[in-house]
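K.L.:
My questions all concern the structure below.
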Amino acid sequence: MINKCFFGIIYFFTYCISIGQTPIYYQNINFSLTGDSLKEELSNLIITTHTSLIEYTSSNSIDTWDVIKQSDLYLMDTTKVLLVYGYDDNDQAFENDRTRDKSLSCHSSPCDGLWNREHVFPRSLANPSLTTNNPGPGTDIHNLRACDYVSNSWRGNLKYGFGSGNSGVNADGFWYPGDEWRGDVARIIMYMYLRYPAQCKAVAVGDGLANYSNFGDMPNIFLEWNHQDSVDQYEISRNNQIYINQGNRNPFIDNPYLATVIWNGPVAENPWGPLGEEDGITDKKTLVYPNPVNDILFIKSEKKINEVLVEIYDVFSNHLTSINSFEINMEKYKPGIYILKVNLGKTINVIKIIKE
């Protein structure tokens, strides 16, 4: 245990010295890429760095119980674990508890008042189903959360659906994880889709449309939750602990904005600053602003208006429009990333624009 903790501290330090800029873990990723191209690079990274497969339950080696009792610790009281979907420690009901003593894990029935392991991406909704007999997709710690036994059974294998307030089944029969947990859930589903792209498709577990993404492969609900519920210190600590045990990270916890770059949708927080090229700056005599933009995008240039041609493309290089104007109305475009090509005659400036 001492050695494991010692090396964990080294790994944690090596990772954290880069916070505020792109972390070392991502040093070989080309962040000038967008859409599916960036998705593929990140997918390859988290697959190749997933070097330790962990037993679901074992008496002879470290298993998922052991890791969860470290990764899901309640930071205000490390004798407890934080329970996904939970929201109230002060009433008489145990099934909605937000925290619980980490020793009160369920290993045989009855389990009322105990916690067990929730597969955020349900086992039966994967294709093929996630199994736990051998280490693999069904034992990936990124997808396992401490959860009250009853709350876990209420959720079952329901898809996630829209709602507000505390967790529960919504009017349409889907599971709302609760305001506190919706971002956590979204980022786990995104990870699972990149880690197991053929087996764990995000569209299998989310209600509603998937038309923010260019290929319809990421439900809008998860992109909205990723935007609405920011990453907290608990998610960061959990990601770091799993990195120590498995070798890979959840990129969408490290930077939720990566989801925006890949699938469009509402612009999520970006703790790293500009990815790839600087946003909004062209040459010294041309400026594009504001960026991100809600409605009107302005171009400031020494050129005359009839000398400027502005073209807008989506992230897959589909031409959307051409215009001779220093003002561009972006209201008609859905949230996401666009490429602006400003043709100034002898100079062509290419700028990444974010529509909020």
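K.L.:
Filter region 73-87 down to the residues that are part of a loop (DSSP other than H, G, I, E, B) and touching a residue at least 12 places away in the same chain (Cβ under 8 Å), then identify the one that is surrounded by the most Cβ atoms within 10 Å (Cβ to Cβ).
P.N.:
Step one: list which residues in region 73-87 are part of a loop (DSSP other than H, G, I, E, B), which gives 75-76, 83-87.
Retained after the next criterion (residues that are touching a residue at least 12 places away in the same chain (Cβ under 8 Å)): 75, 83-87.
On the way: LEU75: 12, LEU83: 26, VAL84: 26, TYR85: 28, GLY86: 24, TYR87: 18.
Only one residue fits best here, namely TYR85.
K.L.:
Which numbered condition in (1) under 17 Å from TYR234 (Cα atoms); (2) surrounded by 14 or more Cβ atoms within 10 Å (Cβ to Cβ); (3) in contact with a strand residue (DSSP E or B) (Cβ under 8 Å, 6 or more places away or on another chain) is the only one that GLN70 fails?
P.N.:
With respect to (1) under 17 Å from TYR234 (Cα atoms); (2) surrounded by 14 or more Cβ atoms within 10 Å (Cβ to Cβ); (3) in contact with a strand residue (DSSP E or B) (Cβ under 8 Å, 6 or more places away or on another chain), GLN70 is out only on (3).
K.L.:
So which residues in region 149-167 are among the hydroxyl-bearing types (Ser, Thr, Tyr) and either in contact (Cβ under 8 Å) with a residue 24 or more places away in the chain or not assigned by TED's automatic domain parsing to the domain that holds GLY183 (or both), if there are any at all? Even if it seems obvious, please write down each step before you answer.
P.N.:
Let us first name the residues in region 149-167 that are among the hydroxyl-bearing types (Ser, Thr, Tyr), namely 149, 151, 153, 160, 164, 167.
Residues satisfying the conditions are TYR149, SER151, TYR160, SER167.
K.L.:
For ASN239, which of the numbered conditions (1) surrounded by 22 or more Cβ atoms within 10 Å (Cβ to Cβ); (2) under 19 Å from LEU73 (Cα atoms); (3) touching a Pro at 6+ places or on another chain (Cβ under 9 Å) fails to hold?
P.N.:
Result: ASN239 fails condition (3) only.
K.L.:
Also, I was wondering about something else. Take ASP101 and tell me if it is without any contact (Cβ under 8 Å) to a residue 60 or more places away in the chain and over 15 Å from TRP65 (Cβ atoms). Before the answer, list the steps.
P.N.:
On the way: without any contact (Cβ under 8 Å) to a residue 60 or more places away in the chain: yes; over 15 Å from TRP65 (Cβ atoms): no.
Spelling it out, it is not the case that ASP101 is without any contact (Cβ under 8 Å) to a residue 60 or more places away in the chain and over 15 Å from TRP65 (Cβ atoms).
K.L.:
Determine which member of the set ARG187, ARG117 is of a type in the set (D, E, K, R) and closer than 20 Å to ASP88 by Cα.
P.N.:
Values: ARG187 fails: closer than 20 Å to ASP88 by Cα.
Result of the check over ARG187, ARG117: ARG117.
K.L.:
Looking at (1) modelled with pLDDT of 80 or more; (2) buried (at least 20 other Cβ atoms within 10 Å of the Cβ); (3) within 19 Å of LEU340 (Cβ to Cβ), can you tell me which one THR282 breaks?
P.N.:
For THR282, the exception is condition (1).
Residues are listed down the side, and each one gets a yes or a no for (1) modelled with pLDDT of 95 or more; (2) touching a Pro at 6+ places or on another chain (Cβ under 9 Å); (3) of a type in the set (A, V, I, L, M, F, W, C):
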| residue | (1), (2), (3) |
| --- | --- |
| ARG145 | yes, no, no |
| GLY156 | yes, yes, no |
| SER164 | yes, no, no |
| ARG195 | yes, yes, no |
| VAL203 | yes, yes, yes |
| GLY206 | yes, yes, no |
| PHE222 | yes, no, yes |
| GLN228 | yes, yes, no |
| TYR234 | yes, no, no |
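K.L.:
Select the helices (runs of 4 or more DSSP H) contained entirely in region 180-287, then report the ones holding at least 1 residues which are of a type in the set (Lys, Arg).
P.N.:
Details: elements: 182-195, 220-228, 233-246, 251-254, 257-263.
In region 180-287, the matching helices (runs of 4 or more DSSP H) lie at 182-195, 233-246.
K.L.:
Sticking with this one: Just the residues that are in a helix (DSSP H, G or I), on the phi < 0 side of the Ramachandran plot and not β-branched (Val, Ile, Thr), please, taken from region 23-53. Before the answer, list the steps.
P.N.:
Residues of region 23-53 in a helix (DSSP H, G or I): 24-26, 35-48.
Right, trim to on the phi < 0 side of the Ramachandran plot and you get 24-26, 36-48.
Answer for region 23-53, where residues must be in a helix (DSSP H, G or I), on the phi < 0 side of the Ramachandran plot and not β-branched (Val, Ile, Thr): TYR25, TYR26, ASP36, SER37, LEU38, LYS39, GLU40, GLU41, LEU42, SER43, ASN44, LEU45.
K.L.:
Name the residues in region 214-236 that are more than 30 Å from TRP65 (Cβ to Cβ), buried (at least 20 other Cβ atoms within 10 Å of the Cβ) and in contact with a strand residue (DSSP E or B) (Cβ under 9 Å, 6 or more places away or on another chain), would you? Explain how you work it out, then say what you get.
P.N.:
Just the residues of region 214-236 that are more than 30 Å from TRP65 (Cβ to Cβ), to begin with: 214-221, 223-224, 227-228.
Okay, now just the ones that are also buried (at least 20 other Cβ atoms within 10 Å of the Cβ), so 218-221, 223-224, 227.
MET218, PRO219, ASN220, ILE221 - these are the residues of region 214-236 that are more than 30 Å from TRP65 (Cβ to Cβ), buried (at least 20 other Cβ atoms within 10 Å of the Cβ) and in contact with a strand residue (DSSP E or B) (Cβ under 9 Å, 6 or more places away or on another chain).
K.L.:
In region 54-67, which residues are in contact with a strand residue (DSSP E or B) (Cβ under 9 Å, 6 or more places away or on another chain) and either crowded, with 19+ Cβ neighbours inside 10 Å or not in a loop (DSSP other than H, G, I, E, B) (or both)?
P.N.:
Our first condition is that a residue be in contact with a strand residue (DSSP E or B) (Cβ under 9 Å, 6 or more places away or on another chain); within region 54-67, this holds for 54-57, 61-65, 67.
Within region 54-67, ILE54, GLU55, ASP63, THR64, TRP65, VAL67 qualify.
The values are calculated or read from the model by the stated rules, or taken from the named source; none is laboratory data. All values reported here derive from a predicted model rather than from experimental measurement. For neighbour counting, all protein chains shown are included, and Cβ atoms are generated from backbone atoms with ideal geometry for every residue, glycine included.
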